Amino acid sequence: MALALVLGAAACGDESGGAPATTTPAASTVTTLFDPCTGIPDTALTSAGLDPASKQVGVGGVKQPGWEICGWKGADFTLGVFSNGMSVAEFERKPGNVDFQDVTIGGRSGRQFRVDDAAKDQMCDVLFPARQGLLQLTLVNKTADQNPCDRLATVGEAIVPALPR
């Protein structure tokens, strides 16, 4: 799962070698970031096919400045949920984030994309705008048996309703 979260964090990074961006909104607009580790109920995780006990905070267990990150394991996939103060538009301008398209998951509009050079047959990412900035779901298949974006749409049906707007 650490690989999935590292790849997801690289998608969020600036041009300083893939480290997560540390830029935060102006002090007058700062709001508390949603913490997916505490904000997504275990019932939603199990409904999505994830093991709540597999929770991993941050990237490889290390918190990242300006981010709230949590990940979980399923039988043959992992899901990372990222929370940041950037806007979706800012995120779309980040080099390496490509192939954006509109999607709807759990009745909520988002922007699906991929990370350039990432294994697109194994990974899928979706961003959702939120009052605090953005929320990102990153799914990584352990096998190529299922399209990762199709699986993320299914898994997201249980997770997205728990995310703040």
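Looking across segment 116-139, the residues that are within 12 Å of the chain's Cα centre (by Cα) and of a type in the set (A, V, I, L, M, F, W, C) come down to Met123, Cys124, Val126, Leu127, Phe128, Leu134, Leu135, Leu137, Leu139. Looking across segment 154-164 at every residue that is closer than 13 Å to Phe128 by Cβ and among the small types (Gly, Ala, Ser), the one that is most open to solvent (accessible area, probe 1.4 Å) is identified as Ala162.
Residues in segment 89-109 that are in contact (Cβ under 8 Å) with a residue 40 or more places away in the chain and either of a type outside the set (Phe, Trp, Tyr) or open to solvent by 30 Å² or more (accessible area, probe 1.4 Å) (or both): Lys94, Pro95, Gly96, Asn97, Val103, Ile105, Gly106, Gly107, Arg108.
The values are calculated or read from the model by the stated rules, or taken from the named source; none is laboratory data. The model shown is predicted, which means the values in this text are computed figures rather than measured ones. Counting neighbours? That spans all protein chains shown, and the Cβs are built from the backbone with ideal geometry, glycine included. Note: areas computed on protein heavy atoms with side chains; ligands, DNA, RNA excluded. Shrake-Rupley method; radii C 1.70, N 1.55, O 1.52, S 1.80 Å.
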